[in-house]
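Enquirer: Submitted below is the structure of interest, expressed as structure tokens.
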Amino acid sequence: MLPVASTANSSEGRSNSVQSLTRAFDLLEHMADAGGEIGITDLAKVSGLPLPTIYRLLRTLVNGGYVRQGPSRRYALGPRLIRLGEGAGVALGYQAKPYLIALAEATGETANMAILDGNEVVYVAQAPSKHSMRMFTEVGRRVHVHCTGVGKVMLAQLSQEQTLAIIQRTGLPAFTPATITDSSALLSQLEQIRRQGFSVDEGEQEVGVRCFAVPIAGVPSRSALSVSGPSSRMNDEARATIIPLMMKVATQISSAIVNQSQDSTA
């Protein structure tokens, strides 16, 4: 008769497996926080894990294509994460789309959802305005964080250290005369955004286009909701009406995504 593993040994094995999985995901998060690439020594410092454990986990991640090691021996996020990230973004956008449609109908302007992916903003869903107007934003477009309403409101959720690390990697290029190109000015505006709970893009990505944005809390990816339109319509009077509505919709999207996630794991 074959020996049967004890319940205690089985439980211990599952516990070790879960711990290894948690640690592997933590390493991926630390790599993302570092801009997608980090040395083994720095990874040990930020993770607090012993080097042998990190080597073992990284070897598994490298073999799976989720991490790659460059000629400099530094570790970077691997290509298989791109497919997973794109799939996650599409799923989040799909869940948010009905709420964006309702928001676009209520405001008469274009409603967008975006996520923070590494150093960039990625638009994952959109409901266009009933007005005929060419908009820069479209699903799948990647943009800098410092020049968009969604980018700034997501930066405001990060620490100053994380924000400075991102803009050090990307710079602060100007896209219009209104684009913020000074890090001190950006940090000052981010502090204001934290206090008020929303951000405004004053034609910083597109001349003549004004955008309001609010964060979407509690979802798997750092996300934001925005409404964009011509500056002539997106005035301060419109802001007083639109932003409270956006905050309500952001809460609805968050609840829908969280509830869907809980249902899928029940």
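The values are calculated or read from the model by the stated rules, or taken from the named source; none is laboratory data. Keep in mind it's a predicted model, so treat the numbers as computed, not measured. Backbone-built Cβ (ideal geometry, glycine too); neighbour counts: all protein chains shown.
Enquirer: Which one is modelled with the lowest pLDDT among residues in region 67-115 that are hydroxyl-bearing (Ser, Thr, Tyr) and either closer than 22 Å to Phe212 by Cβ or part of a helix (DSSP H, G or I) (or both)?
Expert: Looking at residues that are hydroxyl-bearing (Ser, Thr, Tyr) and either closer than 22 Å to Phe212 by Cβ or part of a helix (DSSP H, G or I) (or both), I get Tyr94.
Enquirer: I'd like to verify a number: residues in region 127-176 that are under 13 Å from the mean Cα position of the chain (by Cα) and basic (Lys, Arg), how many?
Expert: 2
Enquirer: Taking region 242-266 on its own, how many of its residues are modelled with pLDDT of 95 or more and more than 25 Å from Glu120 (Cα to Cα)?
Expert: Matching residues across region 242-266 total 4.
Enquirer: Taking the condition in the same structural domain as Tyr123 (by TED's automatic domain parsing) and part of a loop (DSSP other than H, G, I, E, B), does Glu206 pass?
Expert: For Glu206, the condition - in the same structural domain as Tyr123 (by TED's automatic domain parsing) and part of a loop (DSSP other than H, G, I, E, B) - is met.
Table: residues versus (1) modelled with pLDDT under 90; (2) among the small types (Gly, Ala, Ser); (3) surrounded by 14 or more Cβ atoms within 10 Å (Cβ to Cβ); (4) assigned to a helix (DSSP H, G or I).
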position	(1), (2), (3), (4)
Ser132	yes, yes, no, no
Glu138	yes, no, no, no
Gln157	no, no, yes, no
Glu191	no, no, no, yes
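Enquirer: Does region 55-77 hold any residues that are surrounded by fewer than 19 Cβ atoms within 10 Å (Cβ to Cβ) and either touching a Phe, Trp or Tyr at 6+ places or on another chain (Cβ under 9 Å) or of a type in the set (A, V, I, L, M) (or both), and which are they?
Expert: Thr60, Val62, Arg68, Gln69, Ala76
Enquirer: Quick check on Leu172: is it assigned to a loop (DSSP other than H, G, I, E, B) and either touching a His at 6+ places or on another chain (Cβ under 9 Å) or among the hydrophobic types (A, V, I, L, M, F, W, C) (or both)? Walk me through how you get there before you give the answer.
Expert: Values: assigned to a loop (DSSP other than H, G, I, E, B): yes; either touching a His at 6+ places or on another chain (Cβ under 9 Å) or among the hydrophobic types (A, V, I, L, M, F, W, C) (or both): yes.
Answer is yes for this residue.
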